[in-house]
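Read the structure below first, then the notes.
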Amino acid sequence: MSLGDKISNKAEELGGKAKEAAGQATGDEQLQAEGQADQAKAGLKGAVEHVKDAAKDLFGK
């Protein structure tokens, strides 16, 4: 996983946390759900990148 990918994923995760918190604070369930979705998407991207890195290590490519 490149540094740029890590930074992008972390930014997306933090943005999702901010949306979720704003949604909770204002009672906006849609904004809260969007924040949770953004966090899940960032987590999934991170998991895919970890699998790619493991495959590279395993197969030496």
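For residues that are surrounded by 12 or more Cβ atoms within 10 Å (Cβ to Cβ) and in a helix (DSSP H, G or I), tally how many sit in the stretch 24-47.
Residues that pass the stated criteria total 16.
Could you tell me whether any residue of the stretch 14-31 is in contact with a Leu (Cβ under 9 Å, 6 or more places away or on another chain) and basic (Lys, Arg)?
yes
Identify, from the list 56, 52, 17, 10, the residue that is surrounded by 14 or more Cβ atoms within 10 Å (Cβ to Cβ) and of a type in the set (Lys, Arg).
17
Computed from the coordinates by the stated procedures, all read-outs in this text should not be read as laboratory data. Here the structure is a predicted model, which is why all the values come from computation and not from measurement. Positions of Cβ are backbone-derived with ideal geometry, glycine not excepted, and every protein chain shown enters the neighbour counts.
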